[in-house]
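Novice: Quick one: the structure is below, questions incoming.
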Amino acid sequence: MEETRRVLIVDDEADVRMALADALGNGRTVVTAADAYQALAKFVEIRPDVVLTDLKLPGMDGIELMRRVRELDPECPVILLTASRRVETAVAAIRQGAADYIAKPINLDELQIVIERAIERRALRSEARDLRLRIADQRIESIVGVSGAMERVRKIILQVAPSRACVLVAGESGTGKERVANAIHEHSPRAKQPFVKLHCAALAESLLESELFGHERGAFTGAVTRRDGRFQQADGGTLFLDEIGEISPAVQVKLLRFLQEHEFERVGGNKTIRVDVRVVAATHRDLLAEVKRGRFREDLFYRLNVVQIVVPPLRARRSDIPLLADRFLRQAARVNNSRVRAFTDEALECLVRYPWPGNVRELENAIERAVVMCLGDVIGVDDLPPLLAPASRDEMPPVPGASLAEIERFVILRTLEHTGGCKSHASRLLGITQRTIQNKLHQYAGTDAAIDADDDISGPTEMH
């Protein structure tokens with residue numbers, strides 16, 4: 001059975017709301033709101049398939065409402081209604097994200113077509129996104145994301161994995177370079193052989209050389225037995241060298257020789273050992289700039305950089321944050337034996353807006369903390385690390401320095417936002433009448449119309 005379409009109509013004129021609800025109610029669930037604050041509250045409640053809003057609304061206009069809606073659900077189409085027939089207005093609305101634009105007086109037949117077309121486009125986009133995600137998960141389970149940047153990373157991984165070529169994985173710390181290296185190994189003919197990793201920056205030069213190539217007994221103080229190095233441990237498989245830009249010039253020479261000849265000697269030994277190892281290296285540094293400064297060998301750079309994969313920072317692929325957050329939530333809940341299962345919309349919005357200087361690693365740590373701190377089964381804003389707390393959309397006017405009217409406007413609008421647009425509740429909190437609030441909203445919208453308190457739009461949801 002096909003699910004009933006849900007339409008949210010937002011207009012401050014009651015007769016327009018009623019007429020549109022009657023016209024669109026056949027086979028659809030129609031919910032109406034008289035202003036943007038009520039609309040946002042009802043949007044969260046019913047999650048409509050399309051929003052139909054007047055451009056000019058009291059308190060918060062249709063463009064700002066559209067922006068808020070797209071923050072809650074980027075896929076939800078918003079159709080703007082306006083008395084203006086100017087082409088420039090239509091173009092501006094579309095550029096700011098509107099699915100379509102209808103001029104008043106409204107042609108109801110045209111509106112029906114526009115609504116269905118917008119819903120169908122949303123369904124197609126959602127279907128395509130889900131398909132891409134299913135395909136991506138089947139092909140490279142460890143690389144999460146549907147952004148264009150991560151699609152390109154996946155494509156290069158699948159192209160280069162079957163080859164023997166060295167790969168240089170570049171990107172900021174915490175972006176998931178090791179996951180990329182592991183994915184290359186898992187999708188290569190070497191997948192059943194060892195995947196060995198070494199963090200080059202964590203070891204002193206003498207220890208790093210021993211870790212890479214092994215050592216003979218007595219090669220240095222403490223070498224009481226012979227030890228195989230990482231190259232020998234990775235024979236037949238892949239060796240991942242993280243932070244390759246930190247190795248010393250002496251180790252660079254020995255690494256270059258291995259990449260050229262596929263052979264080496266243990267520290268303190270003279271027996272030449274040949275192994276079959278594919279090298280994948282990673283760095284957060286600009287190695288080409290290091291070459292120009294004389295800190296990294298040019299010939300080694302070109303040996304390592306046969307294929308380069310640049311992993312984008314998390315702030316450059318914000319559309320992937322909800323997917324990553326959901327995966328980390330499930331992992332953390334399982335490890336910590338927690339019943340947490342989801343995020344509030346506000347918490348998810350905080351995650352998407354935060355710049356994540358520590359990238360995916362920082363996100364994973366933040367989600368685990370939130371799971372541990374959450375007392376219920378849904379993570380809210382208060383459960384997130386303090387750094388993620390959202391800045392107020394409208395800062396409190398400076399006192400002293402602001403006029404009484406500016407402070408009054410701030411207080412009224414923030415109170416309405418808190419009450420979800422319910423004017424009766426807001427009037428009780430502020431100690432003023434609903435008529436005063438309504439008149440103030442029209443002043444803020446640049447109109448002189450006053451609505452009687454009898455025209456109460458703070459009651460139950462209107463359905464037709």
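Novice: Return the residues of segment 28-43 that are closer than 17 Å to LEU55 by Cα and among the small types (Gly, Ala, Ser); say none if nothing qualifies.
Specialist: Scanning segment 28-43 gives ALA33, ALA34, ALA36, ALA39.
Novice: From the residues in segment 260-279 that are buried (at least 17 other Cβ atoms within 10 Å of the Cβ) and over 19 Å from ALA170 (Cα atoms), which one is nearest to the chain's Cα centre (by Cα)?
Specialist: Going through segment 260-279, the residues buried (at least 17 other Cβ atoms within 10 Å of the Cβ) turn out to be 264, 266-267, 273, 275, 277-279.
The next check asks that each one be over 19 Å from ALA170 (Cα atoms); those that pass are 264, 266-267, 273, 275, 277.
On the way: PHE264: 45, ARG266: 46, VAL267: 47, ILE273: 47, VAL275: 42, VAL277: 36 Å.
So the residue we want is VAL277.
Novice: Mind telling me which of the residues LEU72, LEU80, LEU111, LEU65 ends up being at pLDDT below 85, under 21 Å from ASP49 (Cβ atoms) and surrounded by 15 or more Cβ atoms within 10 Å (Cβ to Cβ)?
Specialist: That would be LEU72, the only listed residue that is at pLDDT below 85, under 21 Å from ASP49 (Cβ atoms) and surrounded by 15 or more Cβ atoms within 10 Å (Cβ to Cβ).
Novice: Tell me which strands (runs of 3 or more DSSP E) are completely within segment 270-317 and hold 1 or more residues being touching a Ser or Thr at 6+ places or on another chain (Cβ under 7 Å), basic (Lys, Arg) and closer than 25 Å to GLY236 by Cβ, or say none if there are none.
Specialist: By residue number, 278-283.
Novice: Scan segment 384-404 and tell me whether some residue there is modelled with pLDDT of 50 or more, surrounded by 16 or more Cβ atoms within 10 Å (Cβ to Cβ) and closer than 20 Å to LEU40 by Cα.
Specialist: no
Novice: Select from segment 342-360 the residues that are loosely packed, with under 15 Cβ neighbours inside 10 Å and modelled with pLDDT of 90 or more and list them in ascending order.
Specialist: ALA342
Novice: Being aromatic (Phe, Trp, Tyr), touching an Asp or Glu at 6+ places or on another chain (Cβ under 7 Å) and closer than 28 Å to SER188 by Cβ narrows it down to one of PHE258, PHE240, so name that one. Break it down into steps so the answer makes sense when it comes.
Specialist: Numbers: PHE258 fails: touching an Asp or Glu at 6+ places or on another chain (Cβ under 7 Å).
Going through PHE258, PHE240 in turn, just one is aromatic (Phe, Trp, Tyr), touching an Asp or Glu at 6+ places or on another chain (Cβ under 7 Å) and closer than 28 Å to SER188 by Cβ: PHE240.
For (1) within 17 Å of LYS271 (Cβ to Cβ); (2) part of a loop (DSSP other than H, G, I, E, B), each residue gets a yes or a no:
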| position | (1), (2) |
| --- | --- |
| LYS197 | no, no |
| SER206 | no, no |
| LEU212 | yes, no |
| ARG217 | yes, yes |
| GLY222 | no, yes |
| THR225 | yes, yes |
| GLN232 | yes, no |
| ASP235 | yes, yes |
| LEU239 | no, no |
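Novice: Evaluate the following for ALA333: is it closer than 30 Å to ARG125 by Cβ, modelled with pLDDT of 90 or more and exposed (fewer than 14 other Cβ atoms within 10 Å of the Cβ)?
Specialist: no
The values are calculated or read from the model by the stated rules, or taken from the named source; none is laboratory data. Keep in mind the model is a prediction, meaning the values are calculated, not measured. In this analysis, Cβ positions are derived from the backbone assuming ideal geometry, glycine residues included, and neighbour counts consider all displayed protein chains.
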